[in-house]
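> Input: one structure, supplied below.
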Amino acid sequence: MARDNLNDLQAFLEVAQSRSFTRAAAKMGVSQSALSHTMRNLEERLGVRLLTRTTRAVSPTEAGEMLIKGIAPHLDEISAQLDGVSSLKDKPVGNIRISASDHAIHSVLWPKLQKILPSYPDIKVELIRENRLIDIVAERFDAGVRMGEQLAKDMISARIGPDMRFAVVGSKSYFEANKHPTHPEDLIQHNCINERLQTLGGNWAWEFEEDGREIKIRVEGQLTFSNCYDVLEAALAGFGLAYVPEDIAAAHIAEGRLIRVLEDFCALWEGYYLYYPNRRQSLPAFSVVVDALRHRGGR
């Protein structure tokens, strides 16, 4: 019975995290009907409803949220210990889930991981695109990626990328009809392409620096996206000014497809860090991934 309870709790966490019986069942390799039956049995044994089911989504009830907070860290500890036992095999083995932005995945994580993963077939890595700042422990990730200034203080961190700069860019066609901004405050008069960050509850403010003073501008425009690559494509199509990582715009600037403005106001930012709770660092598979991602170049 104790093992059944453990399996049922693990299933509950998968459903709560996925917000869908269909997605959770696919991930667990069971049928949707079997998973639904498991949840009903668990709720009957506990005598309380854990999930609210609608035609569109599944979400935890107040009791469900309480259970998640109480058991998720402990089940993660059990998983970590099992991974530790498995790691005593000849090669590192384990599943590693990392939360990161689209840019971090494309520019740092995947370029580095693809070089080492063929040598470690028993290490499975799941890269989840999250452009919001999340609690990786509560959402059951092994690690997350943030820029240096956004790091959680209670986490261990390892630098994985160089310092980075953002660029304000627009197409030739856009500037044929609009003046070049000469100061960040001029952006208020321009059609700007926004990027929405769910954590902030709104659009991301464009950040600049003048004489050591930080300037944040809330821009307006016709288009808003949830990732920087779509923002860049809209700028290339002439829909307005974009504020994107310098590296993804560099080739377009060099080839004349985009024009860069306000460069003197774009400060150098501390680059990406991998951050994770203490319990993960002792697992050989996790150590392999951290070592592969670690930044070894200059700033």
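Every read-out reported here was derived from the displayed coordinates using simple, explicitly stated rules and does not represent laboratory data. Here the structure is a predicted model, which is why all the values come from computation and not from measurement. Positions of Cβ are backbone-derived with ideal geometry, glycine not excepted, and every protein chain shown enters the neighbour counts.
> What label, among [x] 74, 48, 29; [y] 71, 47, 32; [z] 59, 44, 37, belongs to Cα extents along the principal axes in Å computed from the structure on display?
[y]
> Placing unit charges on C-beta atoms (Lys and Arg positive, Asp and Glu negative, everything else neutral), compute the dipole magnitude of the chain about its Cα centre in debye, rounded to 20. Kindly include the intermediate steps, with their values, before the conclusion.
On the way: 36 positive and 40 negative charges, 198 e Å.
That gives a dipole near 960 debye.
> Next question. Could you give me the ³J(HN,Hα) list for region 216-221, computed from phi with Karplus coefficients 6.51, -1.76, 1.60 and θ = phi - 60°, whole Hz, x at Gly and Pro?
Karplus values, whole Hz, x for Gly and Pro: 10, 10, 8, 8, 10, x.
> When the chain is fully extended, how far beyond the present Cα-Cα distance does Leu197 get from Met147, taking 0.36 nm per residue of separation? Working shown, then result.
Details: separation 50, 0.36 × 50 = 18.00 nm, distance 1.46 nm.
Between Leu197 and Met147, full extension yields 16.5 nm more.
> Report the calculated FRET efficiency for Asp211 and Leu6 (r = Cβ-Cβ distance, R0 = 45 Å), to the nearest 0.05.
Details: r = 59 Å, r/R0 = 1.31.
About 0.15, to the nearest 0.05.
> I would also like to ask the following. Under a 10 Å cutoff between Cα atoms, tell me which one of Arg129, Arg146, Arg45 has the largest fluctuation in the Gaussian network model of the chain.
Among Arg129, Arg146, Arg45, the largest mean-square fluctuation in the Gaussian network model of the chain belongs to Arg45.
> Follow-up question, since we're still on this one. Can you compute 3J(HN,Hα) from phi for each residue in region 166-171, using the Karplus curve 6.51 cos²θ - 1.76 cosθ + 1.60 with θ = phi - 60°, rounded to whole Hz and x for Gly and Pro?
9, 10, 9, 9, x, 7
> Please identify, among Ala143, Ala250, Ala242, the residue showing maximal mean-square fluctuation in a Gaussian network model of the chain using a 10 angstrom Cα cutoff.
Most flexible of the set in this elastic network: Ala250.
> Another question, then. Given Phe12, Ser36, Met66, which one lies farthest toward the positive end of the charge dipole of region 2-66, if we put +1 on the Cβ of every Lys and Arg and -1 on the Cβ of every Asp and Glu?
Comparing the listed Cα positions along the dipole, Ser36 ranks first.
> Pop out the ³J(HN,Hα) list for region 98-103 in order, Karplus 6.51 cos²θ - 1.76 cosθ + 1.60 with θ = phi - 60°, rounded to Hz; leave Gly and Pro as x.
With the stated coefficients, region 98-103 comes to 10, 9, 7, 6, 4, 5 Hz.
> Sticking with this one: Residues with amide H under 5 Å of Val125's amide H, sequence separation 5 or more or different chain, H placed in the peptide plane at 1.01 Å from N; which?
Ile96
> Subtracting the Cα-Cα distance from 0.36 nm times the residue separation, let me have the gained length for Ala138 to Ala250 in nm, one decimal. Spell out each step's value before the answer.
Details: separation 112, 0.36 × 112 = 40.32 nm, distance 3.70 nm.
Length difference between fully extended and current span is 36.6 nm.
> Quote to one decimal, in nm, the extra length available between Ser31 and Ser119 on full extension: 0.36 nm per residue of separation minus the C-alpha distance between them. Each step should come with its number before you reach the end.
On the way: separation 88, 0.36 × 88 = 31.68 nm, distance 3.35 nm.
The Ser31-Ser119 span can extend by a further 28.3 nm.
> Amide H to amide H, which residues 5 or more places from Met147 or on other chains are under 5 Å from it, using H placed in the peptide plane?
Tyr273
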